[in-house]
Amino acid sequence: MYKFPSDFFWGAASSATQSEGRVPGDGKGENIWDYSSQQFNHRFFQGVTTENTSHFYQDYQGDIQRMADISLNSFRPSISWSRLIPDGDGPVNPQAVIFYNQMIDELLAKGIQPFINLYHFDMPMAMQEIGGFENRQVVSAYVRYAKICFELFGDRVPYWFTFNEPMIPAEAGYLHDRHYPYVVDFKRAATVLHHTILAHCGAVKVFREMALSSKIGIIMDVIPVYPRSQHPADLEAAEMADLFYTKSLNDAILKGAYPAEIGLLLKQYDQMPMIEAGDLDVIAATKIDLLGINYYRPRRVKARESVPNPHGVFSPEWFFENYEMPGRRMNTSRGIEIYPRGLYDIAKKLQVEYGNIDWFVSENGIGIQGEEAFIEDGMVQDDYRIAFLREHLVELHRAMSEGSRCLGFQMWTFVDCWSWVNGYKNRYGFYRLELPSGEKSIKKSGLWFKEVIENQGFN
Ligand code: BGP
């Protein structure tokens, strides 16, 4: 029997832009996703925009009842900055206050702990127009927004998170051309990341000053890195991938300082972000209470087989290449490897290298294209999702039995949702969303998870 603690958090995660939808007259301001899914519609799978979501704004009561039906005891939605403060830094939208109050109260009434995330990739358009996180004024606006959230909802929210995967908007928006504003420039990406870290620090500071009894943390996607071989060149490539994509952020947040190696490298290549006097002290002084880890896949790397163009755009990929390991197990819908052992490795890393901090799995899951093919007797028979979940939970259990302080497991996601770039291509939910009717129905994995929660584990 794989038994989990009786106070373990079992839940699911979601995000405002991916689930709420927009209703005429709701007072919500535009964010970069509302804008880019309209203006760069061809970049989105089947051209689906943020208008077409799972309608959490209107159906939050129904969804929360569905959560209770499968015995979830925690749920991590995000607050939409542009819904609460339509222009990012001005007046508060009273309808948003009503909505988030009702949503939080409804969760609590159903015995589901709200884990509230303040930012899930969704920069208000008015803030993006003045440079987004490249502009320090936006850092201040974010801290003001966080403070308003703590004031409005802080009496009832037990767990707060400043950001979801802060590396992604910097990397996907400013280096890899996947998210708006579609910039390809390492130095600007590094500045965005640095300012995002400062925004996190500012929100934590305000939170501490308010002396709330709740806890605050951040959600990060830690991708464990594996070298192709033990050859020194492959080991060095793995070090570099880890340094740029994981340690740069993790060490700043969890150890209070950027790794010295990255500073040297960025100076050498003239890629230092805009760091002002005092920034590093702010980072050093900021401590979180709880860490969320999103885990989907490993990163396998090898030494580069060609010399990068020294006149090209600087990129971490100058120092390594991605490695396609023969025999790897793939989720072909999303084009990523399935590697449950990675979750154990992350847990050990947190235990050994990051002071055995309290943490939880804030996202894990498998997105499948064409899931309707698995419908039998009116239900998605997603045995592949049950197997995926089971294998990851076994690895997590192993790490916990060796002392990892993991407090919970939240699945991505509760009901199939709209995704950044991929629209409705890959389905992740415990509940299926029928399109265009919007009808929601439980999948086999939802029933399996309910049983796991009720038994506090599985055989
Ligand atoms: C995470 C994000 C989620 C979600 C998930 C699935 O990185 O935090 O918002 O989208 O990935 O990824 P995708 O939707 O791209 O398949």
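The values are calculated or read from the model by the stated rules, or taken from the named source; none is laboratory data. Everything numeric in this text was worked out from a predicted model, so none of it was measured. No Cβ is skipped: glycine too gets one built from the backbone with ideal geometry, and neighbour counts run over all protein chains shown.
To keep it simple, each residue is scored yes or no on (1) surrounded by fewer than 19 Cβ atoms within 10 Å (Cβ to Cβ); (2) more than 16 Å from the ligand (Cβ to nearest atom); (3) assigned to a helix (DSSP H, G or I).
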| position | (1), (2), (3) |
| --- | --- |
| Ala252 | no, yes, yes |
| Glu261 | yes, yes, yes |
| Leu264 | yes, yes, yes |
| Ile283 | no, yes, yes |
| Leu291 | no, no, no |
| Tyr296 | no, no, no |
Restricted to region 326-352 and to residues being within 15 Å of the ligand (Cβ to nearest atom) and free of Cβ contacts under 8 Å to residues at least 40 places away in the same chain, the residue surrounded by the most Cβ atoms within 10 Å (Cβ to Cβ) is Asn331
Residues of region 209-223 being in contact with a strand residue (DSSP E or B) (Cβ under 7 Å, 6 or more places away or on another chain) and aliphatic (A, V, I, L, M), in sequence order, are Ile216, Ile218, Ile219, Met220, Val222, Ile223
- Query: Leu193: part of a helix (DSSP H, G or I) and over 20 Å from Gly27 (Cβ atoms), yes or no?
  - Reply: yes
Of those in region 119-135 that are farther than 14 Å from Ser37 by Cα and within 14 Å of the ligand (Cβ to nearest atom), the residue surrounded by the most Cβ atoms within 10 Å (Cβ to Cβ) is Tyr119
| task | Inspect all residues belonging to region 46-61 and state whether any of them is of a type in the set (Asp, Glu) and exposed (fewer than 15 other Cβ atoms within 10 Å of the Cβ). | result | yes
Against the definition (among the small types (Gly, Ala, Ser) and without any contact (Cβ under 8 Å) to a residue 60 or more places away in the chain), how does Gly355 come out, yes or no? no
By residue number, the members of region 372-391 that are surrounded by 21 or more Cβ atoms within 10 Å (Cβ to Cβ) and within 16 Å of the ligand (Cβ to nearest atom) are Asp382, Arg385, Leu389
Per the list (1) β-branched (Val, Ile, Thr); (2) more than 16 Å from the ligand (Cβ to nearest atom); (3) surrounded by fewer than 16 Cβ atoms within 10 Å (Cβ to Cβ), residue check on Ile453 breaks on (3)
With the first residue restricted to region 161-186 and required to be within 25 Å of Gln410 (Cα to Cα), and the second required to be modelled with pLDDT under 95 and of a type outside the set (A, V, I, L, M), Cβ contacts under 6 Å at 6 or more apart or on different chains are Glu165/Asp221
For region 109-131 the number of residues that are over 19 Å from the mean Cα position of the chain (by Cα) and in contact (Cβ under 8 Å) with a residue 60 or more places away in the chain is 4
Flagged in region 298-339 as basic (Lys, Arg) and assigned to a loop (DSSP other than H, G, I, E, B), in numbering order, are Arg304, Arg328, Arg329, Arg334
Worksheet item: What do you reckon, is Cys406 away from the ligand (no atom under 15 Å from the Cβ), touching a residue at least 24 places away in the same chain (Cβ under 8 Å) and surrounded by 20 or more Cβ atoms within 10 Å (Cβ to Cβ)?
Response: yes
Within region 146-186, of all residues that are assigned to a helix (DSSP H, G or I) and in contact with an Asp or Glu (Cβ under 8 Å, 6 or more places away or on another chain), the one farthest from the ligand (Cβ to nearest atom) is Tyr174
